[in-house]
Amino acid sequence: MAILGFWAACYFWAQEPPKPAEPPEEDESLAPKEYAFNPLQAEQELKVGNFYFKKGNYRAAAARFEEATRWNPGYAEAYLRLGEARERMKDAAGARKAFEKYLELEPHGKRAAEIRKKLGFQEGKS
């Protein structure tokens, strides 16, 4: 009987103790940001991004344009400006992706022909 008690003690000793439940994050700034459709916030982000772009801070501008696309995923102008900022940052792949999204949203926009030419698309094809 003593041996059985010994093995039972070894079994329970080898088990991993239960992990305590994670408390909810108290600092709201550390919690992941959730985005919902908000065209007013997107417009504000675009304005701030344009400010940074004019000042030559393309990294900050790109971050704001990216935020605008998160608040309003159908905001073609934000993708256009994001592409321009990434182009200035020498991020060709990021610029191309943003410009392609712009063309997807605004295939006949006022700058669509210029962007197609920049990307090397032939007129009439996408």
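Bear in mind these aren't lab numbers, they're just calculated from the coordinates by the rules spelled out. These figures come from a predicted structure and were not determined experimentally. Note that each Cβ is placed from the backbone with ideal geometry, even for glycine, and that neighbours are counted across all protein chains shown.
Things to note:
- Residue list for region 28-65, filter: farther than 18 Å from GLU106 by Cβ and either touching a residue at least 40 places away in the same chain (Cβ under 8 Å) or charged (D, E, K, R) (or both): GLU28, LYS33, GLU34, GLU45, LYS47, LYS54, LYS55, ARG59, ARG64
- Taking region 33-126 and the helices (runs of 4 or more DSSP H) fully enclosed by it, the elements with 3 or more residues that are under 15 Å from the mean Cα position of the chain (by Cα) are at 39-55, 58-71, 76-88, 92-105.
- Residues that are of a type in the set (A, V, I, L, M, F, W, C) and surrounded by 17 or more Cβ atoms within 10 Å (Cβ to Cβ) within region 82-104 comprise LEU82, ALA85, ALA95, ALA98, PHE99, LEU103, listed in sequence order.
- Among the candidates TYR52, TYR79, residue that is crowded, with 20+ Cβ neighbours inside 10 Å and either in contact with a Cys (Cβ under 6 Å, 6 or more places away or on another chain) or among the aromatic types (Phe, Trp, Tyr) (or both): TYR79
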